[in-house]
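Below is one structure, written out as structure tokens; comments come after it.
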Amino acid sequence: MIQRLTWVAMGLSGLIWVCCGCTNDLHGNNLSQMKTADLTIDGQVFHVWLARTGEELSNGLMFVTADQMAPLEDGTQRGMLFVFGDEAERSFWMHNTLIPLDIAFARTDGTIIRIHTMEPLSDQNYYSDGPARFALEVNAGVFAQLGIAEGDRMEIPSSVWTE
């Protein structure tokens, strides 16, 4: 009987350990604590959360809801700008991302080199198809709705990468 209880206790402690380990994967960025900036593309303003640390870059918009991504009262679109330290080939996936998103990869000068519409909760990789320093994620369909295309240029405040 004691041996059986020991195995049950070991099993439960393993289950508790596994579940506790899972909780770290079940949260995203605390958007209210992230720095923000406004950037423009073809005169259209986007209010964006800035993902610059390793954790912010990894979590991205995981677990963010449609309500959190809703445009501001004045119609300004929300998004997240991923800021990397250098230009390199980039790839993103939508693991634990609940809503469909558009992504625009851009070079250091802000030129958009690739746009994708990404499906929620997918492990498919979406590639920049060239060296990119930035990636901007917004609600799916926003870029098409606003006529934003590859070759357009993001005007990113220098404070975004100098802070």
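Quick notes on this one:
- Filtered residues of region 141-157 (kept if within 22 Å of E89 (Cα to Cα), out of contact with any Gly (no Cβ under 7 Å at 6 or more places or on another chain) and of a type outside the set (D, E)): F143, I148, A149, G151
- Total residues in region 62-78, condition small (G, A, S) and either on the phi < 0 side of the Ramachandran plot or touching a residue at least 60 places away in the same chain (Cβ under 8 Å) (or both): 2
- Total residues in region 120-152 satisfying the condition of being in contact (Cβ under 8 Å) with a residue 60 or more places away in the chain and either assigned to a strand (DSSP E or B) or within 13 Å of the chain's Cα centre (by Cα) (or both): the figure is 4.
- Across region 45-96, the qualifying residues are those that are crowded, with 16+ Cβ neighbours inside 10 Å and of a type in the set (D, E), and the one among them that is farthest from I112 (Cα to Cα) is E56.
- Contact map, region 96-116: residues that are closer than 13 Å to G130 by Cβ and without any contact (Cβ under 8 Å) to a residue 60 or more places away in the chain paired with residues that are aromatic (F, W, Y) and surrounded by fewer than 18 Cβ atoms within 10 Å (Cβ to Cβ), Cβ distance under 8 Å, separation 6+ or inter-chain. Pairs shown: R114/Y127.
- Among the residues of region 144-154, just one is closer than 15 Å to T40 by Cβ and surrounded by fewer than 13 Cβ atoms within 10 Å (Cβ to Cβ), namely G147.
- Filtering region 153-163 to residues that are touching a strand residue (DSSP E or B) at 6+ places or on another chain (Cβ under 6 Å) and outside any strand (DSSP E or B) leaves I156, P157, V160, W161.
Only the coordinates and a few stated rules stand behind these numbers; no lab work does. What you see is a predicted model, and the numbers here were worked out from it, not measured in a lab. Reconstructed Cβ throughout: ideal geometry from the backbone, glycine too, with neighbour counts over all protein chains shown.
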